[in-house]
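Since the structure comes first, as structure tokens, the remarks are kept for the end.
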Amino acid sequence: MQTSSKIIIMTKMKKIKCSDFESKAQNLKSKIQSSKFKIEEICRARLRFSRIVCLNLILLTLLNFACVNQSLLKNKNVPAVVGENKVSDFERDLQSMKTADFDFIFVFRRRDSGVFDSEDKKYLRANTPTGTNRFVSTDEARAFIAGSRYPFLPENLEALRSRFLVEDYSKPADQRTPENTNANK
């Protein structure tokens, strides 16, 4: 009798244990399913939010490009051609000579409008005053600008005019610095 009661008790315990396990498993399954549902719901909400944000950014960008600044349309002072205000190399170099405050400024060009070669440069240097402060090659070596505080001798200018076209951009006589002044005062 004892063995049979033991078996019955054992089988009842197993049944109890199995039923406990099954109920716990069922409970756990329901929790997992509800958490999956919550996670899916959160993911859907995030996806909806990101879509709304992206759509708003696209709309704002399109509106920004579609709107025209009315002040730009009303402004009629916009230059038609951008390159018109560009200063040529020759004008810039000539202005730098004037800014350097040279009393005598001469521009030398070949008569055939060609490029200065080494012989032309030697001839130019030989017939300018020794105190000539600056020589600048400009217009792609088609012109030389000489700046000096000392006057060019008439015979040197005639020799230069016989070989080159000479343009005189010197200061008027009343605006020149007197020769006897000390520049370091």
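The values are calculated or read from the model by the stated rules, or taken from the named source; none is laboratory data. Only a predicted model underlies this, so the values are computations on that prediction, with no experimental measurement involved. So basically every Cβ, Gly included, is an ideal-geometry build from the backbone, and we count neighbours across all protein chains shown.
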**OP:** Go through the stretch 101-140 and count every residue that is basic (Lys, Arg) and in a loop (DSSP other than H, G, I, E, B).
**Re:** 1
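Between LYS6, LYS38, LYS29, LYS24, which is surrounded by 10 or more Cβ atoms within 10 Å (Cβ to Cβ) and at pLDDT below 70?
LYS6
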Original post:
Taking VAL115, is it of a type in the set (A, V, I, L, M) and at pLDDT below 90?
Top reply: no
Original post:
Which one of CYS67, CYS54, CYS18 is modelled with pLDDT of 75 or more and over 30 Å from LEU153 (Cβ atoms)?
Top reply: CYS54
**OP:** Pairs only if they're at least six apart or on different chains, beta carbon under 7 angstrom, first in the stretch 152-175 and under 19 Å from ARG111 (Cβ atoms), second basic (Lys, Arg); list them, first residue then second.
**Re:** PHE164/ARG109; PHE164/ARG110; PHE164/ARG111; LEU165/ARG109; LEU165/ARG111
Original post:
Just wondering, is there one or more residues in the stretch 129-146 that are closer than 23 Å to LYS171 by Cβ, in contact with a Pro (Cβ under 6 Å, 6 or more places away or on another chain) and surrounded by fewer than 17 Cβ atoms within 10 Å (Cβ to Cβ)?
Top reply: no
